[in-house]
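Chemist: Would you mind keeping the following structure in view while I ask a few things?
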Amino acid sequence: MDSSLNTLCVDIGGTGVKLIVVDGKGLQLCDRQRAKTPQPGTPEAIISVIEELSGLVPEFDRIAVGFPGVVHEGIIGTAANLDINWPGTDLADELFQRLNKPVRVANDADVQGYGCVRGKGVEMVLTLGTGMGSALFVDGRLVPNLELAHHLFKKGKTYEDYVGRPALETVGTQKWIKRVKRVIETTKRVWNWDLMHLGGGNTKLLRDVQFPEQIQLHSNTAGVLGGYFLWQTD
Ligand code: BGC
């Protein structure tokens, strides 16, 4: 790996598009830039926002994108919280055409996980933002595109219906925290993970909750920075 290359790390979310440039060692070279996700969040509109924001940060040599849906080799499979035109979009190629730098794209929870897993045992990642992201790592190796979000959790509600942003806004923080704990307990029973990582913008609401050591909270910025690791593998 060439350790002199800078990476533009992009996180596309249902609410905000965020980006940061990191150097060849993964160190942050600028403040995080953020813009609201355009509504509707079409491929064209979001790619234009990335292009604009990328003009506000230091020079970069390559791009890593976390996308809120299933991604296979740069091509979008699903995008539940964005515009319906996303599935089938070759995001890696479209961004390459715009910014003329090589691009790697992965699911946003997978990217978050790359940035925070320890690399030992079974580690699960849940991201709590507009949607609910999920990722699974075994001894540091990713099981890509784990999609818990749209599976039934309880009373006809999916995991995402239960703890996504609209649910938080409807039931309020205290009830939402109870729901998140129930989701965590269920994943523990199913996957028997050794470590659970919680990321995404709403994780800040869990700051005062006493979790056992095996449950760790991460900042939203950590999710963006995880993109650096997309370029650390061949
Ligand atoms: C998507 C996931 C994504 C999560 C968080 C869900 O709606 O299906 O792929 O990781 O939202 O953005």
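Chemist: Let me confirm something: among THR78, THR37, THR7, which residue is touching a Gly at 6+ places or on another chain (Cβ under 9 Å) and within 17 Å of ASN145 (Cα to Cα)?
Modeler: Unique residue meeting the criteria: THR78.
Chemist: Still on this structure: For segment 202-223, state whether one or more residues are surrounded by 15 or more Cβ atoms within 10 Å (Cβ to Cβ), of a type in the set (Val, Ile, Thr), at pLDDT 95 or above and under 27 Å from GLU73 (Cβ atoms).
Modeler: no
Chemist: Taking the stated definitions as given, is ILE20 assigned to a strand (DSSP E or B) and surrounded by 16 or more Cβ atoms within 10 Å (Cβ to Cβ)?
Modeler: Here the answer is yes, as ILE20 does meet what is asked.
Chemist: Checking the condition among the basic types (Lys, Arg) and within 18 Å of GLY131 (Cα to Cα), which residue from LYS18, LYS25 passes?
Modeler: LYS18
Okay, residues lined up against (1) open to solvent by 20 Å² or more (accessible area, probe 1.4 Å); (2) farther than 19 Å from PRO212 by Cβ; (3) in a helix (DSSP H, G or I); (4) in the same structural domain as VAL22 (by TED's automatic domain parsing):
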| position | (1), (2), (3), (4) |
| --- | --- |
| ARG98 | yes, yes, yes, yes |
| VAL125 | no, no, no, no |
| ALA135 | no, yes, no, no |
| GLU147 | yes, yes, no, no |
| THR170 | yes, yes, yes, no |
| VAL180 | no, no, yes, no |
| VAL190 | yes, no, yes, no |
| TRP193 | no, no, no, no |
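Chemist: Another question, if that's okay. Based on this model, can you work out whether ILE76 counts as closer than 27 Å to ARG141 by Cβ, away from the ligand (no atom under 16 Å from the Cβ), outside the structural domain of LEU146 (by TED's automatic domain parsing) and open to solvent by less than 30 Å² (accessible area, probe 1.4 Å)?
Modeler: Spelling it out, it is not the case that ILE76 is closer than 27 Å to ARG141 by Cβ, away from the ligand (no atom under 16 Å from the Cβ), outside the structural domain of LEU146 (by TED's automatic domain parsing) and open to solvent by less than 30 Å² (accessible area, probe 1.4 Å).
Chemist: Could you tell me which of the residues GLN39, GLN33 is touching a helix residue (DSSP H, G or I) at 6+ places or on another chain (Cβ under 7 Å) and polar (S, T, N, Q)?
Modeler: Testing whether each residue is touching a helix residue (DSSP H, G or I) at 6+ places or on another chain (Cβ under 7 Å) and polar (S, T, N, Q) leaves just GLN33.
Chemist: Moving on to the next point. For segment 100-123, enumerate the residues that are assigned to a strand (DSSP E or B) and surrounded by fewer than 18 Cβ atoms within 10 Å (Cβ to Cβ).
Modeler: Result: VAL122, single match.
Chemist: For segment 1-17, name all the residues that are within 16 Å of the ligand (Cβ to nearest atom) and open to solvent by less than 30 Å² (accessible area, probe 1.4 Å).
Modeler: CYS9, VAL10, ASP11, ILE12, GLY13, GLY14, GLY16, VAL17
The values are calculated or read from the model by the stated rules, or taken from the named source; none is laboratory data. Please read these numbers as outputs of a predicted model, since none were measured by experiment. As a convention, Cβ positions derive from the backbone with ideal geometry for all residues, glycine included, and neighbour counts pool all protein chains shown. In case anyone asks, the SASA skips ligands and DNA or RNA and just uses the protein heavy atoms, side chains included. Shrake-Rupley method; radii C 1.70, N 1.55, O 1.52, S 1.80 Å.
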